[in-house]
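Colleague: Below is one structure. I have some questions about it.
Bear in mind that the values in this text are calculations on the coordinates, not laboratory data. Quick caveat, the model's predicted, so the values are computed rather than measured. FYI the Cβ positions are ideal-geometry reconstructions off the backbone, even for glycines, and counts take in every protein chain you see.
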Amino acid sequence: MATARTWIAACRPKTLVAAVAPIALGGTVVVAIPGGPSLWAEPGFILIILSCLGFALCVQVACNFANDLGDARRGADTVARVGPRRAVSAGDITPDAMRRGIWVVCLLALVLGAPVASLSPWLLLAGLLAIACALAYTLGPFPLAYRGLGDVFVVGCFGVQATVLTAWAVCTPGPCDCGCNTPLMPWAAAILAGLGLGLLADNILVANNARDYETDLAVAKRTTVVRFGRGFARDLHGFNTIVGLGCLALVFGWAPLALLPVGLWHHLGFRQARQPVDFLPFLGRAAGLMLLATVLCVTATCLGWVPAGTLGTR
């Protein structure tokens, strides 16, 4: 029987920042609206954010479990692969146990997301779609990761979708809400912030796929790196870094741009990587940059540094 430590490792804790960051930024976008209400201390706001956070974390874990199971079934995780140990392919967790784990985490996501789902049937539908996409990333008859759509999935789901839906949930009045204190939905700000965060999150996947190029190629896992080569991955890494921070700056002002030197330093190192093992540090660095960008944006909003004339908050 798999131990608790094995299951925790299968959750891939380092990737969970990709679930936390868009929830934090989605709530922050609403708070940053000029003249908008102060929401930080309101119980309803905190409940919505916690519900979104619990749901997002469970969906991320479900996606990781599905990826572990799907790659093991398709032979992508072999002894030739460089990187963290994968539970199913290593025999630490049986395929049946992993399937049960996926069901449990998905059900927990629905329970934790219930307060948000009760606000609107559209939010419920969006939540179900998020779960379906997370499972379809590696499982099912058309696994997105094997069709070169992984980058689109990360930017769209763990960037734009998560950020926009969190902001939308905050701006949706509850059943007993008269609407007096409900802020207007800042669509432009939420989409831009989500896009910027999604591009930074995609660098985690870019580093992962650049590392696994040879083993993915052997099993016809057609990631964008397999399709276009590691040279494309290097260019995409730089694009994601610069444009991602730029999108956040359009919403939150100069604060995210303070990380541009760090992002460019990471990118220069990424361009010099050649062997699979050389790409290993860049997964953590991409997650760290994403987390730092989120912290800076939240801090800038709390301290009132967000300029009222920026594109995302007009």
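Colleague: Rounded, prolate or oblate: which fits segment 144-273, taking a ≥ b ≥ c as square roots of the Cα gyration tensor eigenvalues, rounded meaning a/c under 1.5, else prolate when a/b beats b/c?
Modeller: On the way: a/c = 4.18, a/b = 1.74, b/c = 2.40.
The shape class here is oblate.
Colleague: Quote the FRET efficiency, to the nearest 0.05, computed for Cys302 versus Val219 with a Förster distance R0 of 30 Å and r equal to the Cβ-Cβ distance.
Modeller: So the FRET efficiency works out to roughly 0.05.
Colleague: Simple spin-label model, 7 Å along Cα-to-Cβ: Ile46 to Ser120 in nm?
Modeller: 2.5
Colleague: Could you work out the mean projected area of the convex hull around the alpha carbons of segment 15-309, in square nanometres to one decimal?
Modeller: Answer in nm², one decimal: 14.8.
Colleague: Would you please name the trypsin sites (Lys or Arg not before Pro) within segment 248-307 that are DSSP coil residues with at most 12 other C-beta atoms within 10 Å of their C-beta?
Modeller: Answer by residue number: Arg274.
Colleague: Using only the alpha carbons, work out the radius of gyration and Dmax of segment 1-156 in angstrom.
Modeller: 17.2, 57
Colleague: Show that you can apply the helix-only estimate: for the chain, add -39,500 (n - 2.57) for every DSSP H stretch of four or more residues, divide by all residues, and state [θ] at 222 nm to the nearest 500.
Modeller: Counting only the DSSP helices, I get -21000 deg cm²/dmol.
Colleague: What's the center-to-center distance, using Cα atoms, between segment 182-208 and segment 233-312 in Å?
Modeller: 12
Colleague: Based on the inverse mean of 1/r over its pairs of different Cα atoms, what is the Kirkwood hydrodynamic radius of segment 228-314, in Å?
Modeller: Values: mean 1/r = 0.0722 Å⁻¹.
After inverting the mean inverse Cα-Cα distance, the result is 13.8 Å.
Colleague: Go through segment 286-303 residue by residue and turn each phi into a ³J(HN,Hα) via Karplus (6.51, -1.76, 1.60, θ = phi - 60°); whole Hz please, and just put x for glycine and proline.
Modeller: Each residue of segment 286-303 in turn: 5, 5, x, 5, 4, 5, 4, 4, 5, 4, 5, 5, 5, 5, 4, 5, 4, 8 Hz.
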